[in-house]
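One structure is given below, encoded as structure tokens.
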Amino acid sequence: MELPIKFHFQNLFSKLLLPVLFAVALAGCSTTFVGGARGTGYFDTVVIDAGHGGFDRGAKPVKGFYEKDLTLDTARRVARKLRENGLHVVETRTGDYFVTLDQRVTASNRLSGSIFVSIHYNWDKRKKASGIETFYLNPNSSRLASRIQSEMVATYHGQDRGIKSRKLYVLRNNKRPAVLCELGFISNSAENGKVQSSQTRQKLAENIAKAILAERASFLSQTANDR
Ligand SMILES: [Zn+2]
């Protein structure tokens with residue numbers, strides 16, 4: 001008796017349940033990994049995340065402002081530039097206070113047509129470590145990561161450490177295209193000297209905004225071609 005029942009169940013599973021499961025999985029993909037209802041990559045909102053804040057000071061510089069102050073200043077400059085260009089911007093913090101990683105991720109997860117860009121400065125006990133790197137996790141974030149990385153590197157000709165896939169909390173738990181930018185080592189005397197200057201941070205911010213706008217423009221032209 002067992003065999004026929006099992007056979008029937010397998011038959012039912014492959015004929016009926018499998019297609020249903022497949023459809024559910026596809027529907028799940030479209031809500032989990034695309035920028036919004038209008039298709040892959042679409043976004044009209046940018047969540048700008050200034051790393052650290054409040055009691056979490058982030059990395060200690062050789063000299064000057066702590067990481068939390070540099071990230072906030074840079075993030076605010078990126079936000080301003082994007083707003084000037086007509087994008088909707090959500091900032092995870094606008095002052096010196098603590099924000100949990102979960103609150104940061106929630107900011108983009110609740111907005112379907114958004115991308116998430118986190119701003120950080122780097123630190124290493126090897127004082128010679130230098131350069132710029134960008135982390136992402138999902139493949140749908142890699143193009144944005146590449147664009148931002150090459151624009152940042154051009155800012156002060158820092159060493160190009162490349163883009164890297166990394167399971168960081170704000171990337172791992174993000175439903176939107178998400179990147180985390182490390183804009184330079186404040187443990188490196190020469191590089192810290194550069195990023196402690198507001199002029200460098202302004203240029204970094206303008207270039208990050210430029211990359212985000214280019215990513216949006218390429219999506220818009222791509223959908224225009226599809227029509
Ligand atoms: Zn950091």
When you go through A50, A79, A59 one by one, which is the residue that is under 15 Å from the mean Cα position of the chain (by Cα), at pLDDT 95 or above and within 13 Å of the ligand (Cβ to nearest atom)?
-> A50
Residue among D102, D69 that is in the same structural domain as G184 (by TED's automatic domain parsing) and surrounded by 16 or more Cβ atoms within 10 Å (Cβ to Cβ) | D69
Checked against (1) outside any strand (DSSP E or B); (2) under 18 Å from T200 (Cα atoms); (3) in contact (Cβ under 8 Å) with a residue 40 or more places away in the chain, A79 satisfies every condition except (3)
Go through (1) crowded, with 16+ Cβ neighbours inside 10 Å; (2) under 20 Å from V46 (Cβ atoms); (3) aromatic (F, W, Y) and name the single condition Y169 misses.
-> (1)
Checked pairs for region 108-120, first assigned by TED's automatic domain parsing to the domain that holds K81 and more than 16 Å from the ligand (Cβ to nearest atom), second aromatic (F, W, Y) and not in a loop (DSSP other than H, G, I, E, B), C-beta under 9 Å and 6 or more apart or across chains, list as S108/F116; N109/F116
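Yes/no per residue for (1) of a type outside the set (K, R); (2) crowded, with 22+ Cβ neighbours inside 10 Å; (3) farther than 15 Å from D49 by Cβ:
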position	(1), (2), (3)
Y136	yes, yes, no
S141	yes, yes, no
Q149	yes, yes, yes
R161	no, no, yes
N173	yes, no, no
Q196	yes, no, yes
F219	yes, no, yes
Does region 82-107 hold any residues that are hydroxyl-bearing (S, T, Y) and either part of a loop (DSSP other than H, G, I, E, B) or within 16 Å of the ligand (Cβ to nearest atom) (or both), and which are they?
-> T92, T94, Y97, T100
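The values are calculated or read from the model by the stated rules, or taken from the named source; none is laboratory data. Just so it is clear, the structure is predicted and the values come from calculations on it, not from any experiment. Note that each Cβ is placed from the backbone with ideal geometry, even for glycine, and that neighbours are counted across all protein chains shown.
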